[in-house]
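Written out below as structure tokens is the structure these notes cover.
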Amino acid sequence: MNRFIISVVLILISSICFSQDLKMELEIETCIDTSSQNNVTFIIENLTDSDIWINPLYLTFSFGIYSEDGNIVSRKTTRHLSGLKSEYLKVDKKSKKELKWTADFFDNYQFELNKEYYLECGYEPPYLRRKEKRKLKESNIFLSENRFDGKSNLFRICKI
């Protein structure tokens, strides 16, 4: 019984000490022209007391676009990868990191002019083999192992 209690306490302590509490938002231009590229920014906030690394290739736009009232407008089976080229990115403890680029991903959806929408975004950690994990550990890179997600600001379609 004592071993069981000690095991549970150790598991709780390790999960509290090493938990990765990351939050994310997606910032999009408020007035979208669906026929051109638009500026997009991932804002990732690290609320922990340790530095955490992410692989920007696994930042995704989620499967759907939603209307202001939360109803899904369109759903896709493919994810929109972020297009960022950095292999690993450090998010310092108690800080925010902004990742900006231009993206063209509104062309396959049916929108109405001047109606407001938002996107969901997420981070899906990559599957790493034992060799890759060892290599990262030797480089002092602690890659986030947790999936986290967020959503964008409201935007409206100004030109189709």
### Message
Among the listed residues Ile141, Ile157, identify the single one that is in contact with a strand residue (DSSP E or B) (Cβ under 7 Å, 6 or more places away or on another chain), at pLDDT 80 or above and part of a loop (DSSP other than H, G, I, E, B).
### Response
Ile141
### Query
Looking at segment 69-94, which of the residues that are of a type outside the set (A, V, I, L, M), in a strand (DSSP E or B) and open to solvent by 40 Å² or more (accessible area, probe 1.4 Å) is modelled with the highest pLDDT?
Lys90
### Task
Would you mind telling me which numbered condition in (1) open to solvent by less than 60 Å² (accessible area, probe 1.4 Å); (2) in contact with a Leu (Cβ under 9 Å, 6 or more places away or on another chain); (3) hydrophobic (A, V, I, L, M, F, W, C); (4) at pLDDT 75 or above Leu57 fails?
(1)
### Task
Considering only segment 101-128, state which residues are over 22 Å from the mean Cα position of the chain (by Cα), open to solvent by 80 Å² or more (accessible area, probe 1.4 Å) and not acidic (Asp, Glu).
Gln110, Leu113, Asn114, Lys115
### Query
When you go through Lys131, Lys97 one by one, which is the residue that is surrounded by 12 or more Cβ atoms within 10 Å (Cβ to Cβ), among the basic types (Lys, Arg) and not in a loop (DSSP other than H, G, I, E, B)?
Lys97
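The values are calculated or read from the model by the stated rules, or taken from the named source; none is laboratory data. For clarity, every value in this text was computed on a predicted model and none was experimentally measured. We place every Cβ from the backbone using ideal geometry, glycine too, and count neighbours over all the protein chains shown. Heads up: the accessible areas ignore ligands, DNA and RNA and are worked out on the full protein's heavy atoms, side chains in. Shrake-Rupley method; radii C 1.70, N 1.55, O 1.52, S 1.80 Å.
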